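Worksheet: the structure to be examined is printed underneath.
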Amino acid sequence: MESRGYVLWGVGLLLLTLMEGSSATLSPSGINYEVVALMTIKNNLNDPYNVLENWDINSVDPCSWRMVTCSSDGYVSALGLPSQSLSGTLSPWIGNLTNLQSVLLQNNAISGPIPDSIGKLEKLETLDLSHNKFDGGIPSSLGGLKKLNYLRLNNNSLTGPCPESLSQVEGLSLVDLSFNNLSGSMPKISARTFKIIGNPSLCGANATNNCSAISPEPLSFPPDALRVWWRYRRNQQIFFDVNDQYDPEVRLGHLRRYTFKELRAATDHFNPKNILGRGGFGIVYKGCLNDRTLVAVKRLKDYNAVGGEIQFQTEVEMISLAVHRNLLRLCGFCTTESERLLVYPYMPNGSVASRLRDQIHGRPALDWSRRKRIALGTARGLLYLHEQCDPKIIHRDVKAANILLDEDFEAVVGDFGLAKLLDHRESHVTTAVRGTVGHIAPEYLSTGQSSEKTDVFGFGILLLELITGQKALDFGRAANQKGVMLDWVKKLHQEGKLNLMVDKDLKNNFDRVELEEMVKVALLCTQFNPSHRPKMSEILRMLEGDGLAEKWEASQKVETPRFRSCENPPQRYSDYIEESSLVIEAMELSGPR
């Protein structure tokens, strides 16, 4: 099957073969080595739903391809293809993507051997090939992945012994080899969680291996290098003393663990002058680390809500595994007996909400083209959370204040995963709704149950914020338009007065066709019946110009909100707000930055 790649690319592929191991730069003939490697991977996979359709051999830059994430310097850093119904084999050419940090291929039907070449990926931190059909042995080359933190090979058809070389990888947090056909004795693997159940030859009646999950302490530190105060409570929670001194390079999974002392110094003792925003999860401060790196430090309130230390660490590790160019990357964290802090990159252009009214040299900071890019970037980030993460993540408060802007004004979705992080104590309670009034989906107001379609509704309101430049609730005070934006937009659309809803700061500098398309996408996203709303993958395609006409035509049938049992369901969004019997925590999960 791989020979098809050689036929397709001929001389270009031969050149890459001659220069195997080179970094992902352009050759004298203009060939991007990472593009060729990715195309070879695509060529070896069967893709029934064409999720890789925009992977193009003629492309110079793969960073805009679906399921591909690049680092700030333009190299491919993550390959995320979970749950895409892929089959075929994994090409050894994956070893030529030498800057990969994360490979997520779980929940597919990929077969054949695990390529030895993966052992060449010296920067790899996460490798998840679970729930596929891989066979053959576990490559001993994996022992050379010194930065590896997460290794999931469970639920495949792997045979033979677990390679002794894995015992040489010191930073492992999770190793899951369960439900394969492995045999032999197990090497001593230093991992916080190590699973080998479901291997008959390893865990049968006559086996000598310990097949229960092995879960040592959350972090392993060199015994003489650190001075750590461990404090055990009756419930076995583990904390660091506020004044602890430990190696600043110690990491938990992808995350750096900071001391409270260094974050306190970075924020000038949490000086109010450094506050970037206030929200329902706490206060965000601008900080400057010792190496002059600017960060945003979120000081969580209600820290006891996250359960114990181990539970907190588990949740932040899961958040850190969501890596995408349109998601805010979690850099690190700090925990003490009385504090929980999260550390993010500093976003120099703040939030969308904070920039909608700003002017630069007499022009709006967010012109129409930037607003369209923000819509696309946010859609891509939410698509990743909903359809490419395992487990999926529901944001629960999608709005302009939670979409941040990097130095290039690219959209970065912030604060995803935090609702779940702080909701352990409310796991069976539906009387409190997290979110912001004006952005909360009707079914969430009615039942307290959230889903991907809850985020879709919030995204629709975000589109209206981008179009109007107004807040979703109590908007247009100066023009005596106090009310709910969604109801106002629906009325103007029915009357054919789209121009009246456009942000006056744009001074009519916008694309009329794109305006109509964006309004229609917003109205599709904010349909009262959640089952009628499109998925984020469909939304992205519509924003890119594919399938909107068909979806809009289908939506013009009379909609009945089946999730409500009343005989006369409300016709306006404001009615849902007024009739909600739930306690609404109207909050901003992340304020302007």
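Laboratory data are not the source of any read-out in this text; all were calculated from the coordinates shown. The structure presented is a predicted model; accordingly, all values stated were derived computationally and were not measured. Using ideal geometry, Cβ is built from the backbone for each residue, glycine included, and neighbour counts are taken over all protein chains shown.
Label sites at residue 544 and residue 572, each approximated as a point 7 angstrom past Cα along Cα to Cβ, lie 3.9 nm apart. Taking the number of Cβ atoms within 10 Å of each Cβ as an exposure proxy, the fewest-first ranking of 552, 368 is 552, 368. A simple rule links phi to the HN-Hα coupling: the Karplus curve 6.51 cos²θ - 1.76 cosθ + 1.60 with θ = phi - 60°, which for the range 403-414 gives 9, 9, 10, 7, 5, 9, 6, 7, 6, 10, 6, x Hz, with x for Gly and Pro. Charge tally for residue 288 (other residues, Cβ to Cβ under 14 Å; Lys, Arg +1; Asp, Glu -1): +1.
Straight-line reach from residue 504: which lysines have Cα under 18 Å away, leaving out those fewer than 8 places along the same chain? Of all the lysines, those that pass the test against residue 504 - Cα under 18 Å, at least 8 places apart if same chain - are 372, 471, 482.
Counted by neighbouring Cβ atoms within 10 Å, the residues 49, 258 run from fewest to most as 49, 258. Taking Cβ atoms as reference points and 15 Å as the exclusive limit, the residues near residue 179 contribute a net charge of 0, counting Lys and Arg as +1 and Asp and Glu as -1.
The phi-based Karplus calculation (6.51 cos²θ - 1.76 cosθ + 1.60; θ = phi - 60°) puts the 3J(HN,Hα) values of the range 542-549 at 5, 5, 8, x, 10, x, 5, 4 Hz, whole numbers, x for Gly and Pro.
Our coupling estimate for the range 458-471, obtained by passing each phi through the Karplus curve with A = 6.51, B = -1.76, C = 1.60 and θ = phi - 60°, is x, 5, x, 5, 4, 4, 5, 4, 5, 6, 8, x, 10, 6 Hz, Gly and Pro reported as x. Would you please give the FRET efficiency between residue 408 and residue 495, computed as 1/(1 + (r/R0)^6) with r the Cβ-Cβ distance and R0 = 30 Å, to the nearest 0.05? With a Förster radius of 30 Å, E is 0.20.
Net charge near residue 511, counting Lys/Arg +1 and Asp/Glu -1 over other residues with Cβ under 12 Å of its Cβ? Residues near residue 511 contribute -1 overall.
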